[in-house]
Amino acid sequence: MVTTVRSARQIAALNDEAARLGLRATMALADARAMYPQLVAIDADEAADRTMLEQIADWCDRYTPLVGLDPPDGLFLDISGCAHLFGGEEDLRRDLIRRLAVQGFHARATIGDTPGWAWAMARYGISTSINETATNSVHSRASGNPDSCRRISQHDSGFPLSRGRTEERHAALLPLPLAALRIDPQIAAPLAQAGLKTIGDVIDLPRAPLAARFGSAFVRRIDQALGREEEPIVPRLPVPSFLAERRFADPIGREDDVLGTIVHLAQELARAMERHGKGARRLQAALFRTDGKVVRVEIGTSEPLRDPTRIRRLFLDRLTVLGDEADPGFGFDMIRLSALAVEAFDAVQTGWGTGDPARETAHLIDRLMARFGADRVQRLVPQDTHWPELASIAVPANSIAQGKDRHHDSAKDRALEDSLFQDSRIPVRPIRLFERPEPVEAIAQVPDGPPVQFKWRRVTHDVAYAEGPESIALQWWRNDQGMPVTRDYFRIETRQGVRVWLYREGIYQDKDNPPHWFLHGIFA
Amino acid sequence: MERSLTGAQAPEALARLRQSIEKIQHYQHDNAPMPLGLSEADRLLGGGLTLGALHEISPSAPVHLGAACGFALALAALSGKAGRSGRETLFIQTDMARFEGGAPYGLGFDLFGLPARRLLVLRARRALDALFAMEEALKCRGIASVIAELPDDSADLTATRRLSLAAREHDGIGLLLRHRSASMPSAAMTRWEVSAKAGARDPHGGLGTTSFLLSLVKNRRGPCGRFRVAWSHHELAFVPEDPVAVAAPFADRPADAAIA
């Protein structure tokens, strides 16, 4: 694999065979070609590497929800408090390496008490009594490219160690090259010229001159490796407030089994959330397929939710729509249900006979959203403008509180009607509005008057009665897309009794821009 | 038209027979029907529009879609009135229907009598999605009425039967708003064809209240009929207009003023 560094073609990664021939990464391609003219070189695809790394990170989610990316080829896993689920740190590490090897990845993993230390040992460490590392390279199958070879380093950190082991770990760090401190080669090079090549060489030097000469970042890296300074792992995905998971010895694939598991997990989750007085607004089910793919199914709710049967219903709707996207393949070996967003939710007395209609509506909204997408279930909200298209906008139904002011409906309606001055008995606004006003051909008797005849969708309509004009102008501060400034609206009744909303754009005096007529809405 | 209005003996007898068969089939509805406030229509419907049932509405010609939609909204507004407040209306529209007939306009709904804040809008991609959503919504206690707008003949006998069964679970009404009047059989309780009617002028010479010409073309519980009604969006009530053409003396007076 070849990449271009400063306009020179360089080897970015190579397979075992090439390594055995004496080639190595960062070697110029021209040099390698000189040694072996028949060398097969392909361009490195950084985007694909990144995607692959994210997929592996997804998969690593099975060990801990706190997975941080370390591009181009590393991952940080915070396993504080997780290790015992896998029989201890060492077993977790072996399990991770073994499972990755089965998938065709060669990985080195180190468990350390700081991310810096783990990074250094995973990349530059030699086999020690503390950490046993596998060094065999395997072809990466998952990349779909038999000639590429990938080394994935896993750095695990975050387990508190005893003082004795801490010192031992410091000692292990000393013989490593400075690059193990995650510093820029531009900093490492002058240090190397000064004869400072290993971490041991710099660790006891006076800090102030070091910081002054090489920057505070360099000193911070030393501190981070030694654990003198905290370094949080930035999780790739938001860490859920509540989660429940289940692993299977035999993978499951039937939808019923998956949903059954989700119900069990939802019950666990409900108990945990109830203790804290919370309900979920956003839930995610992560289905871990045996071949490493992770299917994430997310649902949103319009009010805090704990009820496992309702959660099941929502996932059922969502899975129905996903279809092939949630294909179980050879089965799922782990399912995790996590509450990504929670809100305060006090327990309420529930019963089938006396269900609250508003709550049922909320649940219906959730289900429709799960099935058709959040942007398709809407409420119409009036806006503070007269411009027809903007005066009423559609927003996702769960984004506004439901049932507010319900008892003041009639009073508010009256107020609304009063606010729109009305000179006739029909409502001044149509019940249906075209998103794009439809052009019509209209004939008006006088230049600024209402039309006497118009042709809409190839049918000619005679105007029996017209009311207007009602001039509506777009606010000047919104008028940045070259929209016309004013429209003259007419309420029209045709001979057949059909009532429509027509408007004229432009004026007749303007010879260059003759007015155009549009049909914008339909009255009842 | 006149014949069905006067109500000949045969259809009445047929309706009685139908009602007794419905009883045998446990079609009996516990819900009191929703009176439309039109004595003639309510008599033919057996007290009013059956709640917990499916009703079909279509324009008599494509150009009357606005009127058909208005009638559906008026029924939805009635269904959300008195005793059923706090319940919502779901308006389902397929993308095709939206493209052909325009989107529901919140301000217009407010002024017409159906408050937009009690309205949910679902934009369905296909008619199948719309039917699914309608069925689910009819089973929901918090929904007073569901309007599903379909531009094509996708709701067949099976689909309408499913919807009728779903509607029976509660007292919500399902309104199937078709863009064309369907000729295929349907399990709906009633079928209406609506056209706009040039309404009376208001006292100031402006456009008067919305008027419809309603044709009840199918009625499972009685004979059919034709009615001329006006909708008072202020009072949320239908106002009957005289079926006999007496428009001339009334032309300069609004219909609801005549009633008062």
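Every number here is computed from the coordinates shown, using simple stated rules; none is lab data. Owing to the predicted nature of the structure, the values given are computational and were not obtained by experimental measurement. All Cβ positions, glycine included, derive from the backbone under ideal geometry; neighbour counts span all protein chains shown.
Things worth noting here:
- Projected label distance in nm at B:His204 and B:Arg180, using a 7 Å step from Cα toward the beta-carbon: 4.2 nm
- A:Asp291-A:Thr51 FRET efficiency (beta carbon distance; Förster radius 25 Å; 0.05 resolution): 0.95
- For A:Thr26 and A:Gln445, the difference between the fully extended length at 0.36 nm per residue and the C-alpha to C-alpha distance is 142.7 nm.
- Other residues with beta-carbon under 12 Å from the beta-carbon of A:Arg310 carry, at +1 per Lys or Arg and -1 per Asp or Glu, a net charge of 0.
- Reach of A:Lys511 by Cα under 15 Å, taken over aspartates and glutamates that are not fewer than 8 positions away in the same chain: A:Asp448
- Classification of the stretch A:172-319 by its C-alpha gyration tensor yields a prolate form. The axis ratio a/c (a ≥ b ≥ c) is 1.5 or more, and a/b outweighs b/c.
- Averaged over the residues of B:95-106, the number of partner chain Cβ atoms lying within 10 Å of the residue Cβ comes to 6.
- Between A:Gln378 and A:Ala397, B:Val121, B:Leu122, B:Arg123, the built amide H atoms are under 5 Å apart, and every one of these is 5 or more places off in sequence or on another chain.
- 15 Å Cα-Cα reach of A:Lys197 towards aspartates and glutamates, excluding residues that sit fewer than 8 places from it in its own chain: A:Asp184
- Database remark: amide H of B:Lys139 closer than 5 angstrom to no amide H (H placed geometrically; neighbours at sequence offset of 5 or more, or on other chains; Pro and chain starts carry no H).
- Test item: B:204-212 mean partner chain Cβ contacts at 10 Å: 6
- Shape call, the stretch A:353-402: gyration tensor on alpha carbons, a/c limit 1.5: oblate
- In this structure, the residue pairs whose Cα-Cα separation is over 24 Å, taken from B:Lys81/B:Lys218; B:Lys81/B:Lys197; B:Lys81/B:Lys139, are B:Lys81/B:Lys218; B:Lys81/B:Lys197.
- A:Gln193 versus B:Arg16: modelled label distance in nm, points set 7 Å from Cα along the beta carbon direction: 11.4 nm
- Against the rule of thumb 2.2 N^0.38 Å, how large the Cα Rg of the stretch B:49-204 comes out: 0.97
- A:Val234 paired with B:Asp156, simple spin-label distance in nm, labels 7 Å along Cα-to-beta-carbon: 5.7 nm
- Hydrodynamic radius of the stretch A:440-519 per Kirkwood, over alpha carbon pairs, in Å: 13.2 Å
- Amide H contacts of B:Thr94 (H built 1.01 Å from N, in plane; Pro and chain starts excluded): B:Ala124, B:Glu149 sit under 5 Å, all sequence-distant by 5 or more or on other chains.
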